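Chemist: I am attaching a structure below and will ask some questions about it afterwards.
Read the figures in this text as sums done on the coordinates, not as results from a lab. Computed from a prediction, not measured in an experiment: that's the story for all the values here. Here the Cβ positions follow ideal geometry from the backbone for every residue, glycine too, while neighbour counts run over all protein chains shown.
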Amino acid sequence: MTTDVTALERLQTEPMNFRQWIIVAICIGTLALDGYDVLSIAFAAPGITGEWGLSKSILGIVLSIELAGMAVGSIFLGSLADSHGRRLTMLAGLAIVTLGMLIAGLAPNIYVLAAARLFTGLGIGCILATATATCSDFCNDKNRVLSVTLVAGGFPLGIYLGAAFLAPLLKQYDWRVTFYLGAFLSFLFIPLVYFYVPETISFLNRKRPAGALEKMQKTMRHLRHTPPESLPLIAEQETEVVGMKSLFSPNLRYITLLLGFAYFGNVMTYYYFVKWLPTVVTDLGYTASQATEVLGVISLAGVFGSIGISVASRFFSIRSLMLTSLISTAVGVALFPYFTDDLVNMQLIGSFAGFFVMAAISGFFGLFASSFPSSVLGSGSGLVLGVGRGGAVLGPMIPGFLFAAGLAFENIAMIMASGSFLGGIAVIFLHKKKKS
């Protein structure tokens, strides 16, 4: 066995130390940042509508547009994590998000705002795929699924913390403060990633950039593991087909297509729910600050859902947990219109739906890490996330047209809840087809 393979095996089999958990924590933070950045437009929507007099159909497009950028960012920029390195790609995503959020805050009209949100989406999608791959590469086998699922839990955590900070800020400032705060937080993460997240051993071993051995040794010393003394011969390495095409090979085709379909359906339901919720609540006569508080409570429930499925996955089949979460999400979202008589009831039924929808989204990230080999984890995660962004785009857009057409809120909720329901059906077939 070569020393380099031994170095990889050490990361996979030896206990994780403090510095590896720091990297996991930073990845959680970047997903929290993504969660805030994605929902910032929902926090700002009531103010934007009031200032610029947008119709419901136009608002639906504005709420969706960065999700189209996320699809491109997840698929194409996410694949750069496999070809050009996790660290560089994550830094590029953070830089894009910082600039995009700043431009959104300075936007003088809806056209500049829409372009800024599209651009921001590129960076968000890039970070979503890269953070998962980075976390997975630095974790041992025992903690990989747990850690990646916790990283996904950073997404609702960012929404909750954002709502907690923004509720008082929106009482004093206009909607632009949501984007200025996002730009500031994104900027803070650039030095954190630069100084504390090295390039992964698996990437350095696979791609062999200039100075690969020295970089491997430096990373292993940084992680307090024994560094390799030399690079293994190319012929001695395990051969893996790397690239987007390999995701549709006989071994991976079924898992790629099924995960893409299920994720598409669930995020369609999720983005309908969280993107329209502030507007729906304000339409019922509540203030923008109260609407933000409702979304914050729902997002906090999502944090617990993510943690819950992370812990439960150590004891129960992840696919059984996913089936329960997806069907429960559909039930909660469909019933929400019947509990809008006061804020407390909205928070209760919304928390039920938020708990399970984020448990499901986090569970998908665990499935990515356990289903795709490291060599295509960035590409596989990015592709599924990118396909899912199609559902994310439709999630806010379809209700905009349905509301404009005069369809009842109860009927719209039922239609949009079907995405998570169908995702649950897909997971049943995944369970039958492929073992964990």
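Chemist: Taking Cα pairs under 8 Å and at least six residues apart, what relative contact order does the stretch 3-433 come out at, in percent? Please list the in-between numbers first.
Modeler: Details: 833 pairs, mean separation 120.2, N = 431.
Worked out over the stretch 3-433, it gives 28 percent.
Chemist: Just name one of 289, 308, 98: the one whose Cα is farthest towards the positive end of the charge dipole of the chain (beta-carbon charges, Lys/Arg +1, Asp/Glu -1).
Modeler: Final value for the positive-end residue is 308.
Chemist: For the stretch 255-316, rounded, prolate or oblate, judged on the Cα gyration tensor with a ≥ b ≥ c (square roots of eigenvalues), a/c < 1.5 rounded, else prolate if a/b > b/c?
Modeler: Judged from the Cα gyration tensor, the stretch 255-316 comes out oblate (a/c at least 1.5, b/c at or above a/b).
Chemist: Assuming a ≥ b ≥ c are the square roots of the Cα gyration tensor eigenvalues, decide whether the stretch 302-411 counts as rounded (a/c under 1.5), prolate (otherwise, with a/b larger than b/c) or oblate.
Modeler: Values: a/c = 3.13, a/b = 1.47, b/c = 2.14.
Oblate, because a/c is 1.5 or more while a/b does not exceed b/c.
Chemist: Quick check on packing: order 264-274, 21-31, 192-202 by the mean number of other C-beta atoms within 10 Å, highest mean leading. Could the numbers behind the result be given before it?
Modeler: Details: 264-274: 27.5, 21-31: 21.8, 192-202: 18.7.
The most tightly packed comes first, giving 264-274, 21-31, 192-202.
Chemist: For a quick protection proxy, order the peptides 178-190, 336-348 by their average other-Cβ count within 10 Å, most packed first.
Modeler: In descending order of packing, they fall as 178-190, 336-348.
Chemist: Cα centroids of the stretch 76-122 and the stretch 304-376: how far apart, whole angstrom?
Modeler: Using only Cα atoms, the two centres lie 27 Å from each other.
Chemist: On a 0 to 90 degree scale, rounded to 10, what angle separates helix 377-404 from the longest Cα axis of the chain?
Modeler: The angle comes out at about 10 degrees.
Chemist: Suppose only helical runs count, i.e. DSSP H with n ≥ 4. What mean residue ellipticity at 222 nm does that imply for the chain under -39500 (n - 2.57) per run, divided by all residues and rounded to the nearest 500 deg cm²/dmol?
Modeler: -27500 deg cm²/dmol
Chemist: Continuing with the same structure: Of 358, 249, 385, which is farthest on the positive side of the dipole of the chain, counting Cα position, with +1 on Lys and Arg Cβ, -1 on Asp and Glu Cβ, and the Cα centre as origin?
Modeler: In the chain, that residue is 249.
Chemist: Rank 200, 32, 159 by how far each Cα sits towards the positive end of the charge dipole of the chain (+1 on Lys, Arg Cβ; -1 on Asp, Glu Cβ) and give me just the farthest.
Modeler: Working it through, the farthest residue towards the positive pole turns out to be 200.
Chemist: Label the chain by shape, choosing from rounded, prolate and oblate, from the square roots a ≥ b ≥ c of the eigenvalues of the Cα gyration tensor; if a/c is under 1.5 it is rounded, and otherwise prolate applies when a/b is larger than b/c, oblate when it is not.
Modeler: Prolate shape, in that a/c is at least 1.5 and a/b is the bigger ratio.
Chemist: Next up: Write out the cysteines belonging to the chain for which the nearest other cysteine Cβ is not under 4.7 Å, or none if no such cysteine exists.
Modeler: When partners are defined as cysteine Cβ atoms under 4.7 Å apart, the chain leaves 126, 139 without one.
Chemist: Then there's this: What size of dipole, in debye to the nearest 20, comes out for the chain about its Cα centre when the only charges are +1 on Lys and Arg C-beta atoms and -1 on Asp and Glu C-beta atoms?
Modeler: Dipole size: approximately 800 debye.
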